[in-house]
Each structure stands twice: as C-alpha cells, then as structure tokens.
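Notes to accompany the following structure.
The values are calculated or read from the model by the stated rules, or taken from the named source; none is laboratory data. In this text the structure is predicted, and so the values were computed from the model without any measurement. No Cβ is skipped: glycine too gets one built from the backbone with ideal geometry, and neighbour counts run over all protein chains shown. Keep in mind that these areas ignore ligands, DNA and RNA; they rest on the heavy atoms of the full protein, side chains included. Shrake-Rupley method; radii C 1.70, N 1.55, O 1.52, S 1.80 Å.
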Amino acid sequence: MAYKRPTIVLVHGAFADGSGFTTIVKRLVADGYPVVAAPNPLRGLSFDAGQVKALLDSIEGPIVLVGHSYGGAVISTAATGNPEVKALVYLAAFVPETGESAQGLVEKFPGSTVSESLKPVPLPGGQVDLYIDPRVFHAHFAGDVPAEEAALFAIAQRPATGAALGEPAAGPQAWHTIPSYNLISGADRIIPPAAQEFMARRSGAKVQVVEGASHLVFVSRPGPTVALIEKAASEHA
C-alpha cells in the first residue's frame with residue numbers, strides 16, 4: 001500500500017497570521033504534503049484550542065500538527081484525544097504543562113523583550129488587545145528577517161488578548177501522549193532560548209537548535225523548519 005502523506009496543519013501564534021507560513025507551505029506542497037493553515041482566533045486559550053480542535057476533527061487521515069509561539073499552547077490542548085494527530089511540532093513555541101500560561105512561562109527565564117514591546121489597545125468591556133509595537137517589531141520579533149519584510153509582518157500582525165496570553169492551560173496536554181519535535185530559535189528575543197529548551201526537554205521532544213534564529217525562525221530559516229516537520233511526518237504518520 002502506498003504511503004499516505006499526512007496533512008500538515010500549521011497554527012500561527014500571537015502577533016501573526018497564516019500568511020507568515022507562505023514559504024514553508026510552498027515547500028511542503030511541492031514535496032507532496034496536503035497543508036492547512038489554521039486560523040487562530042487569539043481570543044483565549046481554551047476558545048482558540050476549541051476552534052483548532054474542530055478543524056482537526058474535519059480532516060481525514062493522519063495529521064502532523066505544528067504550532068508557532070502561542071500556537072504551541074493551542075496545539076497542546078487541541079490535539080488531546082484525537083488519534084489522527086500523529087506528531088506535534090513546536091516552532092519557537094510554548095509547550096505548557098497544565099496550569100501554566102504563556103505569560104508565566106515567558107517570565108520564567110530572563111531575556112524576553114515582550115513586556116517592553118507590547119502596544120495595548122483597550123476594547124469595550126474592559127479587555128485589551130495586544131500588538132507588538134511596529135517600531136520594535138524588527139529588532140525584537142524578527143531580527144534575522146530583512147527589514148522590509150519584517151515591516152510587512154508588523155503591518156499584517158493580528159493582536160492577541162491579554163486574557164489569552166495569561167490564561168492557564170487546562171486539562172491534559174497532548175505532548176504527554178503524542179510524539180513531539182521542537183525547533184528552538186537560538187537568538188529569540190520573545191521566548192528566551194533557555195525557556196524554549198526547558199519546555200522542550202521537559203516534554204521529551206526531539207530537539208533541534210537553530211543558532212542565531214529570531215522568533216520568526218520559520219520565515220528566516222525555512223530549510224530546517226521544513227526538514228523537522230517532514231522528519232516528524234516520516235517517522236510517525
């Protein structure tokens with residue numbers, strides 16, 4: 001029987017949207033993989049995970065689920081209980097344990113510029129949307145991406161609510177039962193590399209460090225990113 005390639009589902013993080021995956025999508029499609037870039041609402045961790053879980057339930061056949069940054073927290077909940085999710089791939093991502101939040105994990109180690117980068121926009125009802133200030137987006141979020149390209153990502157970014165980044169992960173986390181892979185961005189100024197390594201080692205992931213890479217490692221280093229996703233696909237799906 002011919003090998004059935006799994007569907008690669010990509011989940012973006014905060015301050016981003018699915019367009020950031022364009023380069024790696026082109027490579028994955030060229031290599032014969034079906035790909036879905038999931039819309040991540042960025043409204044609240046449980047809500048966002050529910051939306052991604054519903055999308056996963058609509059996909060036939062094996063899935064390799066990929067999350068960047070806050071998207072890592074989303075996939076850790078969304079994949080729980082879905083037998084079709086064969087592997088999890090974390091790209092410069094949060095890998096929370098039950099009860100941990102993105103905000104708490106980013107503060108666990110020194111080196112993050114998040115707190116000084118955020119531009120809040122108050123919303124009706126008392127909630128707040130958070131953006132990365134475009135003036136520091138290049139330096140803090142995308143340091144190894146060309147400045148003109150980083151400026152476009154800053155313009156197209158989607159905000160996350162403060163509640164989403166502060167909401168603790170609830171329920172069992174999928175990385176306890178699903179094999180995981182973790183790409184650590186070695187010069188990350190959003191999630192410190194030490195925090196990424198702590199989460200990756202704790203989860204038992206197969207780890208690859210991309211030295212000198214910014215938080216947008218999948219944009220600046222598409223080669224290693226695609227290679228790790230395809231390794232996960234070939235080994236487990």
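Here are some notes:
- Dividing the convex hull volume of the alpha carbon atoms of the stretch 139-237 by its residue count gives 126 Å³ per residue.
- Amide H contacts under 5 Å for residue 215, placed H, 5+ residues apart: 143, 189, 190
- Amide H contacts under 5 Å for residue 158, placed H, 5+ residues apart: 15, 16, 17
- Cα convex hull of the stretch 84-199, projected area averaged across orientations, nm²: 8.6
- Distant-in-sequence amide contacts of residue 36, defined by a placed amide H-H separation under 5 Å and a gap of 5 or more residues or a different chain, comprise 8, 9, 10.
- Every helix of 4 or more DSSP H residues in the chain counts as -39500 (n - 2.57), and over all residues that averages to -11000 deg cm²/dmol at 222 nm.
- Stokes-Einstein translational diffusion, the stretch 53-139 - Kirkwood Rh over all Cα pairs, 0.890 mPa s, 25 °C, in µm²/s: 162
- Among the chymotrypsin sites (Phe, Trp or Tyr not before Pro) within the stretch 1-63, those in coil by DSSP and having at most 10 neighbouring Cβ atoms inside 10 Å are 3.
- Restraint check, 108/206; 86/206; 53/119, Cα-Cα greater than 20 Å: 108/206; 53/119
- With every protein chain in place, the chain: carbon and sulfur % of accessible area (1.4 Å): 58
- Bridging of residue 26 to aspartates and glutamates at a Cα separation below 18 Å is possible for 17, 149, 230, once same-chain residues fewer than 8 apart are set aside.
- Across every direction, the projection of the convex hull enclosing the Cα atoms of the chain has a mean area of 11.9 nm².
- Computed with a 1.4 Å probe over protein heavy atoms only, the accessible surface of the stretch 28-167 comes to 42 Å² per residue.
- Solvent accessible area, Å² - residue 53, 1.4 Å probe, full protein context: 80
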